[in-house]
Amino acid sequence: QVQLVESGGGSVQPGGSLRLSCAASGFTFSQNDMRWYRQAPEKERELVAYISRGGTITNYADAVKGRFAISRDNRKNTVYLQMNSLKPEDTAVYFCRRGMTAYWGQGTQVTVSS
């Protein structure tokens, strides 16, 4: 069965960095684009970053451009989200998603606070 397992969340001070990972299994990872979303308390889930199957095309939400970087390793069936210069408004639960399908990970909490 399809599984997406996020890790790497935690608490960090403003200006800090975190690297999220999403380990995928149960499907042909290299044939699927991947997405990172986030959901802050009392807000709707929003798309943060996208990466194409081969990793050559990436897109970002305006709020994270220049600070976040999505990447993938198709040998390890893993997609990453490097988050730098974190701000309090980046606080949210971060989810990975297999393309536009109904398959989501369980989420990992990121808290940015001084």
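The values are calculated or read from the model by the stated rules, or taken from the named source; none is laboratory data. Keep in mind that this is a model prediction, so the values were computed, not measured. Ligands, DNA and RNA are stripped out before the accessible areas are found, and what is left, the full protein with its side chains, is counted by its heavy atoms. Shrake-Rupley method; radii C 1.70, N 1.55, O 1.52, S 1.80 Å.
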Solvent-accessible area, 1.4 Å probe, carbon plus sulfur percent, for the chain: 44 percent
Set of aspartates and glutamates with alpha-carbon distance to residue 65 below 20 Å, sequence-local pairs under 8 removed: 33, 44, 46, 89, 90
Inverse mean reciprocal Cα-Cα distance (Kirkwood Rh) of region 29-68, Å: 11.1 Å
Other-chain or far-sequence residues with amide H under 5 Å of residue 103's (modelled H): 98
Shape parameters for the chain, alpha-carbon atoms, Rg then Dmax in Å: 13.2, 41
